[in-house]
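K.L.:
Next up is a structure, given as structure tokens.
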Amino acid sequence: MEKEVDDNAKWQNAKDLIKDSKLSVLMPSYNLGHTIAQNIDHVVEIFSGRIPFEVIVVDDGSSDDSASIINAKAKEYSCVKPVVFHRNKGKGTGLKRGFEVTEGDYVLLLDGDLDLPPSQASRFFDILKEENADVVIGSKMHPESQIDYPAKRRLYSFVYYSFVKLMIGLPVKDTQTGIKLFKREVLEYVIPRMLVKHYAFDLEVLSIAHEKGFKVSEAPIQLVFKGGNEAFGPVGYFSIKKIILDTLAIFYRIKVIKYYKSVRIVSMPDPLPMVSIVIAMPSVTEYVDECLDGIAKQTYKNFEVILLPDVPSGREWPAYVREIVTGAIRPAEKRNIGIDNVKGEITAFIDDDATPTMHWLHQAVQYFSDPNVGGSCGPATTPPNDPYMAKMGGRIYANYLLSGGYIYRYFPTSVQEVDDYPTCNLLIRTDILKELGGYRTDFWPGEDTYLCRQVVKEKGYKIIYDPYAEVFHHRRKLFLPHLRQMGRYALHRGYFARKFPSTSRKISYLMPTLLMLGTVLGPISFFISPILIYIYVAVIAFYLVVTFLGAFSHNFKDWVICWIGIVLSHYYYGFRFLIGFFSKSMPETKQIFDHPSEGSSIKN
């Protein structure tokens, strides 16, 4: 009985603070399949009967069986909520998604490996109340801490603390310990402003909170090091380099450009608008089933789907899906039929070989609360189930040496305004589409470039890119299917560079052509001066070395394939761009879709 009384007293401050709400325990996990079941059991046991709570377990694209174990535990315990990613996106992204499903007035960040016992949370509530703090973080450097921690890690912590103190002035000695307690309003302010997705996530959270004026206190911890939560990965050269770069970026945002104070925070439109999702396709395939499955899982529920196949599918669809048979016409013509039939205030275009992530619509729709925003969009990343050579094609698109400043189309970066975006992941206000008369039907691809130009340059609206409004887009396999697609893009971009220079006559689009012309015409310099041929050879050698290094991968096969793909893409794009630039018009013949693999099966 005495032990029960002591236990109740231990949690009394937590109960007083939580009152009628609950504690939301956010547990990031990566490749913890061997322990995550026991760890969830332990967390549930610690809090059960003591305080109201929920446990949100975020699996960050584990390669083991973590996801299935977490989902099984969610069925066993009603208080457990799983948030599962198909690929690793970093602790910052994972906890952002996890926070979105929390309900508690207090949020405890707790690393999923349980190096730090969750029973310590009661002491965190004591300090929160006693010191009138907004955030309480565990600190290995607290004089009362009891830690069993490798000397090498202690050295890393001290050096990093000194670096952070010098650069940012954060008044705490340890930012990286994996247990932190927040009042909900702190994370509501901080998370929408965050940019770091991986190593310096904890530092950015605390830096934003401190800059705003939230009080951060430190608590002693008990720590038994078990090897570290793999969500951070091994502390090697790459990790240290990335931590330093992220920390310098946070310093720049806080001290130089005052980013976190000036960033625009948006809220959902009220009332929530209906979104009409338009999908043009030749026929219903496994890709389409995959796409519809992703749409069905959206956290944003006010939508309809319009399918536009060439011929009837013979399927019975849910009530929110309409099928409109179009015949064998081009994508732009199909989408215009869709626009004529939508019911929503916003029309969302997604390719039939793309699958949206569960928060796609939620992230994209929020910007339409601003009347000056005419559209929104997000990255189209390569899905993890693509065939090997298709994933290599996606890797080439996501390489800065190929996409340059447009890498955000293939890899999540940061919120920004754009003036040109592909239709595989694009939302536009329906009234704007109807006013413009839909898409030009004599461009493919390229109709989306012209539409965005009209929205931004002619109508004066903004198109906002959000890295979390993400879809997975199947890629063409290297090398020929990839190059055919690249050639079509280049042909139309070259034509647009001459005809519509405001969005297409940019140096980044011209550089592959300059490379191609320099390579072809360079040997002529030998007839001018033999010395020039040495310069020519040196320039080509420099290009090959730079692209080789830029294609780096820990897997040498991937490295070489990616390098060859980048070089071939540069030269072929440059050649086709030049043809397009001097073309009087683009082909207007009707063409069938070109999908990533022959046939329609994603297993090919």
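What follows is calculated from the coordinates using simple rules that are stated; it is not laboratory data. Quantities reported herein were computed from a predicted structural model and do not represent experimental measurements. Note that we place each Cβ from the backbone using ideal geometry, even for glycine, and neighbour counts take in every protein chain shown.
K.L.:
Label-point separation (nm) for SER63 and GLN146, each offset 7 Å from Cα along Cα-to-Cβ?
P.N.:
3.8
K.L.:
Take the alpha carbon atoms of the chain, find their radius of gyration, then divide it by 2.2 N^0.38 Å using N residues; give the quotient. Present the calculation step by step, with values, prior to reporting the outcome.
P.N.:
Numbers: Rg = 26.7 Å, N = 604, 2.2 N^0.38 = 25.1 Å.
Computed over Cα atoms of the chain, the ratio equals 1.07.
K.L.:
Quick one: what are the phi-derived ³J(HN,Hα) couplings along segment 70-87, Karplus 6.51/-1.76/1.60 with θ = phi - 60°, whole Hz, x for glycine and proline?
P.N.:
Calculated HN-Hα couplings, in order: 4, 5, 5, 5, 5, 6, 6, 10, 5, 7, 9, 10, x, 10, 10, 9, 7, 9 Hz.
K.L.:
Specify the angular offset, from 0 to 90 degrees and rounded to the nearest 10, of the alpha carbon long axis of helix 556-581 from the longest principal axis of the alpha carbons in the chain.
P.N.:
40
K.L.:
OK, next. Beta carbons within 10 angstrom, averaged per residue: use that to sort the peptides 464-473, 256-265, 242-251, highest first.
P.N.:
On the way: 464-473: 22.9, 256-265: 12.0, 242-251: 17.6.
The peptides rank, most packed first, as 464-473, 242-251, 256-265.
K.L.:
For segment 131-207, which GluC sites (Glu not before Pro) are in a loop by DSSP, counting at most 11 other Cβ atoms within 10 Å?
P.N.:
Working: sites: GLU131, GLU144, GLU185, GLU188, GLU204; in loops: GLU131, GLU144.
Passing both the DSSP loop test and the Cβ count: GLU144.
K.L.:
Taking 7 Å along the Cα-to-C-beta vector as the label spot, tell me the TRP559-VAL256 distance in nanometres, rounded to one decimal.
P.N.:
Taking the two extended label points, one gets 3.1 nm.
K.L.:
Let me ask another. Whole Å is fine, so just give me how far the alpha carbon centre of segment 463-482 lies from that of segment 43-109.
P.N.:
28
K.L.:
Rounded to whole Hz and in sequence order, give me ³J(HN,Hα) for segment 169-178 from the Karplus expression 6.51 cos²θ - 1.76 cosθ + 1.60, θ = phi - 60°, writing x for Gly and Pro.
P.N.:
x, 5, x, 9, 9, 8, 9, 9, 4, x
K.L.:
Another question about this same structure. Step through the residues of segment 350-355 one at a time and calculate ³J(HN,Hα) from phi using the Karplus curve (6.51 cos²θ - 1.76 cosθ + 1.60, θ = phi - 60°), rounding each to whole Hz and writing x for Gly and Pro.
P.N.:
The phi angles translate into 9, 6, 6, 9, 10, 10 Hz.
K.L.:
Find how much the distance from GLU100 to LEU166 grows on full extension, using 0.36 nm per residue of separation minus their present alpha carbon separation; answer in nm with one decimal.
P.N.:
Full-extension gain reported as 20.4 nm.
K.L.:
Name the GluC sites (Glu not before Pro) in segment 371-458 that are in a loop by DSSP and that have at most 11 other C-beta atoms within 10 Å, would you? List each step's numbers first, then the result.
P.N.:
Numbers: sites: GLU417, GLU435, GLU447, GLU458; in loops: none.
Sparse-neighbourhood loop GluC sites (Glu not before Pro): none present.
K.L.:
Also, I was wondering about something else. For Cα pairs less than 8 Å apart in space and 6+ apart in sequence, what is the mean separation divided by the residue count of segment 34-117, i.e. the relative contact order in percent? Spell out each step's value before the answer.
P.N.:
Details: 84 pairs, mean separation 29.4, N = 84.
It comes to 35 percent, rounded to a whole number.
K.L.:
Using a Förster distance of 51 angstrom, determine the FRET efficiency expected from the C-beta separation of SER508 and ALA37, and round it to 0.05. Write out the running numbers ahead of the final one.
P.N.:
Numbers: r = 49 Å, r/R0 = 0.96.
My answer for the efficiency is 0.55.
K.L.:
Something else: What is the local net charge at PRO356, summed over the other residues whose Cβ is closer than 11 Å to its Cβ (Lys, Arg +1; Asp, Glu -1)? Kindly include the intermediate steps, with their values, before the conclusion.
P.N.:
Working: positive: LYS297; negative: GLU290, ASP293, ASP351, GLU470.
Local charge sum for PRO356: -3.
K.L.:
Please determine, in degrees from 0 to 90 and to the nearest 10, the orientation of helix 480-499 with respect to the longest principal axis defined by the Cα atoms of the chain, where the helix direction is its Cα long axis.
P.N.:
70
K.L.:
Here's a follow-up. If you filter segment 486-554 for chymotrypsin sites (Phe, Trp or Tyr not before Pro), then keep DSSP loop positions with at most 15 other Cβ within 10 Å, what is left?
P.N.:
Working: sites: TYR489, TYR495, PHE496, TYR509, PHE526, PHE527, TYR534, TYR536, PHE542, TYR543, PHE548, PHE552; in loops: PHE552.
The qualifying sites are PHE552.
K.L.:
Would you grab the residues whose amide H sits under 5 Å from the one on VAL55? Only those 5+ places off in sequence or on another chain, please, with H modelled 1.01 Å from N.
P.N.:
Here VAL25, VAL80, LYS81 satisfy the definition.
K.L.:
Just need the relative contact order of segment 2-262 here, percent rounded to a whole number, with Cα pairs under 8 Å and 6+ apart. Intermediate values should be presented prior to the final figure.
P.N.:
Working: 442 pairs, mean separation 58.9, N = 261.
Once normalised by length, the contact order is 23 percent.
K.L.:
Okay, next question. Sequence gap at least 6, Cα distance under 8 Å: using those rules, report the relative contact order of the chain to the nearest whole percent. Can you show the working numbers first?
P.N.:
Numbers: 1085 pairs, mean separation 66.6, N = 604.
Relative CO of the chain lands at 11 percent.
K.L.:
Output the 0 to 90 degree angle, nearest 10, between the alpha-carbon long axis of helix 36-47 and the longest principal axis computed from the alpha carbons of the chain.
P.N.:
Helix 36-47 and the main axis of the chain meet at about 40 degrees.
K.L.:
Taking amide hydrogens as modeled 1.01 Å from N in the peptide plane, which residues meet the under 5 Å criterion relative to SER283, leaving out close sequence neighbours?
P.N.:
Those qualifying (amide H under 5 Å, at least 5 residues apart or on another chain) are ASP310.
K.L.:
Quick one: if you stick a label point 7 Å off each Cα along the C-beta vector at GLU458 and LYS434, how many nm between them?
P.N.:
A separation of 1.8 nm, rounded to one decimal place.
K.L.:
Among the listed pairs LYS15/LYS91; LYS462/LYS584; LYS10/LYS73; LYS96/LYS477; LYS19/LYS129; LYS129/LYS180, give every one whose C-alpha distance is greater than 22 Å.
P.N.:
Details: LYS15/LYS91 29 Å; LYS462/LYS584 31 Å; LYS10/LYS73 28 Å; LYS96/LYS477 33 Å; LYS19/LYS129 13 Å; LYS129/LYS180 15 Å.
Check vs 22 Å cut-off fails for LYS15/LYS91; LYS462/LYS584; LYS10/LYS73; LYS96/LYS477.
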